[in-house]
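A.B. asks: Here you go, one structure.
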Amino acid sequence: MQILSQRGRLALAAVVDIASAGARPVRQMVLSARHQLPPRHLEPLLQDLARAAILRGVRGPNGGYVVARAPQDISCAEVVRAVLEISDGGDLSVLPSSLDAVIL
């Protein structure tokens, strides 16, 4: 039985990756390369996370994405809900309680 969709797992991996970088913005192209994805594959997911105030976009030549608040204030369930509610509109009340763990 699969608990998380591919999109949910990818969102968690992206947020952990970005949170691990600290205050330095992480470019979408760098994330795509690390996760061996086509360059445009992550962009809609990152935008969904930014709309949910989990990530924040930083503009400019050294721009990218940073976490919008302290990583210990972001739960795995919040990340999964953000990307699945926006794209799937499904019932997320069945998410396991183990997803209430924080990102870092």
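A.B. asks: How big is the range 9-85 by Rg and Dmax over its Cα atoms, in Å?
C.D. replies: 11.2, 32
A.B. asks: If you don't mind, there's one more thing I want to ask. Rounded to the nearest 0.05, what FRET efficiency do residue 27 and residue 3 have when you use their Cβ-Cβ distance and R0 = 25 Å?
C.D. replies: Result of the calculation: an efficiency of 0.25.
A.B. asks: Taking amide H positions as placed 1.01 Å from N in the peptide plane, with prolines and chain starts having none, which residues 5 or more places from residue 42, or on another chain, fall under 5 Å of its amide H?
C.D. replies: Amide H to amide H, under 5 Å and 5 or more residues apart or across chains, residue 42 pairs with nothing.
A.B. asks: Follow-up. Per residue, how much accessible area does the range 1-75 have with a 1.4 Å probe, in Å²?
C.D. replies: Using a 1.4 Å probe on heavy atoms only, each residue of the range 1-75 averages 59 Å².
A.B. asks: Just the number, please: carbon plus sulfur as a percent of the accessible area of the range 1-79, 1.4 Å probe, no ligands or DNA/RNA counted.
C.D. replies: 54 percent
A.B. asks: Something else about it: Hey, rough spin-label estimate for residue 17 and residue 51, points 7 angstrom out along Cα→Cβ, what's it come to in nanometres?
C.D. replies: 2.1 nm
The values are calculated or read from the model by the stated rules, or taken from the named source; none is laboratory data. Being a predicted model, the structure only gives us computed values, none of them experimental. Methodologically, a virtual Cβ is constructed for each residue, glycine included, from the backbone with ideal geometry; neighbour enumeration extends over all protein chains shown. Protein only, heavy atoms only, side chains kept; ligands, DNA and RNA dropped before computing areas. Shrake-Rupley method; radii C 1.70, N 1.55, O 1.52, S 1.80 Å.
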